[in-house]
Structures are given as C-alpha cells and as structure tokens.
1. From the square roots a ≥ b ≥ c of the eigenvalues of the alpha-carbon gyration tensor of region 238-365, which class results: rounded (a/c under 1.5), prolate (a/b over b/c), or oblate?
2. For Arg217 and Glu44, calculate 0.36 nm times their separation in residues minus their Cα-Cα distance, and state this gained length in nm to one decimal.
3. Can you put Cys364, Cys266 in order of Cβ neighbours within 10 angstrom, beginning with the fewest?
4. With r defined as the distance between the Cβ atoms of Thr362 and Lys76 and R0 fixed at 35 Å, what FRET efficiency is calculated, to the nearest 0.05?
5. Which entries in the list Lys50/Lys351; Lys57/Lys122; Lys57/Lys96; Lys62/Lys312; Lys76/Lys280 go over 24 Å, if you measure between the two C-alpha atoms of each?
6. How much FRET efficiency would the formula 1/(1 + (r/R0)^6) give for Asn345 and Gln101, where r is the Cβ-Cβ distance and R0 is 45 Å, rounded to 0.05?
7. If I model a spin label at Thr30 and His308 as a point 7 Å from the Cα along the Cα→Cβ vector, what separation in nanometres do I get?
8. Normalised by the residues of region 39-135, what does the relative contact order come to in percent, with Cα pairs under 8 Å and at least six apart?
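Coordinate-derived values only; no laboratory data. Bear in mind the structure is a predicted one, so any value in this text is a computation, not a measurement. Virtual Cβ from ideal backbone geometry, glycine too; neighbours counted across all protein chains shown.
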Amino acid sequence: MLPSVSVAAEICSSSVSEMPQELARHLFETGAFLIFTGVPEGTEFGIDYKSWHVGPKFSGLKMIPPGVHFVYFSVKTAPRIGFFHCFKEQEIVVRKWDLTQEDLSNDVLTGDEIDRIRSNLKTLDNRLAPYPYENYRSWFALSNHIKEKTIERLNPQDARARGRISGQAELITLESEVEANLGISSSRVDREHPTRFRFADENGLPIMRIKEGFSIRYTQLEPPSVSDSGVVNTMLDHSEKLDGIIAGLDGDSDELLAEIQFAFICFLMGQVYEGFEQWKRLIHLLCSCQLALCTHSDLYMALLPVIHFQLKECPKDFFVDIVSKDNFLTTTLSRLFANIEDSENAKAVLKEKSTKFKTFLTKCFRWNFDVGND
C-alpha cells in the first residue's frame, strides 16, 4: 500500500533525522543522486522497497547508497515502468518525463549539462527526497547478487528502451514487422503487389508481436516437463543442463543467482508477470539437480538464503494467492530438500542449512514438505 501523502520529500525527511549522524554524513559524501524532471503530480514513484505519490515540489532523490537499485513509477492507472541502475558514488542520474508520450524521454544529457546540475545541487536540495535508508537492509538482501554486468546482460537490447522494464509489452503488428524486414508497405498495391497483405488470428484480430529488442533477455529455459497426468516431472537429474547454462554465463554461477533476484524483483516491484515465470523456471531447475549439489556446492549454499529472503520479504497473502494455489513451491522445494538429505556427498553445512530453512518454512507458512508427491 502507498502512503497517503502528497510530497515524497516530506515522507522521507524523517529518515534523515532518525539516521545516525555518522551514517548521514557518509551518505551525503558518497551517495548518488537521481534527478527526475517533469514528473506529474500524483505519480506513483518508488525505489527498491518504498514507493510514494509525489507532489509538485518533487525533483528526485539524494543520498542513494552506491550499488544496484530498482526505480519505478506509474502515472494514474498506467502500468508501472521501471529500470535497474548500478549507482556509483556521487553519480548524478537524470531522467526526464515525456508528457506527450507519458513515458520516459529518450533524451540523453551531455557531460556539460550534468556538470551544470551538479553545481546547482544546493538549490535543488529541498526538492530532493533522501533515500529511504530504513528499507536498505531488506533491499540489499533481495539484490546482493545483482551486478552491473547482470543488468547489461538482461536489460532490453534496443538502445531506445534505455533499460525500460514494464508489465505492458512494447507490441508491434505482424504487418509492421514484415514491412520493416522487406522494406515495403503492407498497404502498397501495384502490379508487383496486387493485393494488400494482412495477418490476423482466427478471430480476425491483428497478430501482435513483442517489438524486437524491447523485452528482458532472460536465459532461455525449457518449462518443467509435465507427464500425461499433468504432474510436473521432478524425478530427472538436470545437473547436466545446469552445467550448460553456467558455462554459457562464462562459468559464473553467481550470475544465475543474480538472474533469480532480477526476475523476482521485476515481478514483485516491477509487476512484470514474466519475471515470476522465469523465477519459477530457474528455481525448478536448481531444485531438480542431484550431482550439482556436489559440483556446485557454493551455488546451493548461496541459493538457500536467496530464496529465504525472497519469501520472508513478501506479503503473506502473496503466497496464498499465487504460489500455494498450484503448490509449485512446496513441490519444488520438497525435491530440493530430499535431494540434499539423500545425497551422500553433499557438504554437512549445506545439509544443516537445508534443515533449518525447511523448519523455518514449515513454521512460518505451515507448508508440509514430507508429503510424497504422486
């Protein structure tokens, strides 16, 4: 739920006074700035785990801790638009709002323009809201594996998208796609093209495609295999498939954890459902491996706290409405816990962590992981 206040700067002002002076001084000296111009009053604006409705004085954020953050916003009832950014110390990031398009502007500021803004920061200070540091621990736990290279790898490829992530896909008609590929107009009629071409589905509606370069570039995974009875097959060892995916990430298994966090944040904060689907695919893959528990033990040691903080930070009804409905998570984690418990070569510390995590989930969500899945 969003706070019922008008000006984001007023909401956050208390977090500075409550912050230890040494920490406040450190963030003043090292924190980054996000200047957001032209934002309509009443727009939902958020960063990481906090969002507000902005007032007429809002011009952005200050004291942003260096590192990866997710910024998002929505005008009226429009879908959220967001982007990841790895902020550097004292960096100034500027985003403009295009009132005509009701979207982020593609304008890029020059170095001189950024310098002018930096020299004018004192004037802007009372229009900049401090970063909501009280939520930083929760955010860091959800994003600690995401690095700048993760963002570059997964962000939409088209430069015009500028890392834009939205639950409303950028669509294009199949006619327009063909026109672009062939260099001709679908409405052109002449001797060589006696009829206009049209592509429609069985209901006569235009066939739409996601505009190339505007979708998140998730690692391609096959959906979990399903038996004739409709039950997900959890008996196969997918360690070889996991090895291939890690090899495709230049051997960096931490990038797989980063993608799990990236996808989860896209769904939870960005409200992009495909993020949830990718999260499920990655979790299912990792929970369906046996040999990998030994060959990639560090990956599994880090996986448990990643899932732990993702589940811990979500509203309780989130799982009732989405996860528990089809029992995906209980079924999948049951397989992981069983694989770890039955493994003769898994590290003792991994087995101990797995048991504690299983106990936590049983107590917190009342999930039963000991019931066999037929």
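1. oblate
2. So the chain would gain 59.6 nm between Arg217 and Glu44.
3. Least to most surrounded, the residues fall as Cys364, Cys266.
4. Working: r = 43 Å, r/R0 = 1.21.
The pair Thr362/Lys76 has a calculated efficiency of 0.25.
5. Values: Lys50/Lys351 35 Å; Lys57/Lys122 15 Å; Lys57/Lys96 15 Å; Lys62/Lys312 28 Å; Lys76/Lys280 30 Å.
Those over the limit are Lys50/Lys351; Lys62/Lys312; Lys76/Lys280.
6. Working: r = 56 Å, r/R0 = 1.25.
Efficiency computed from Cβ-Cβ geometry: 0.20.
7. It works out to 2.5 nm between the two label points.
8. On the way: 125 pairs, mean separation 28.8, N = 97.
That works out to 30 percent.
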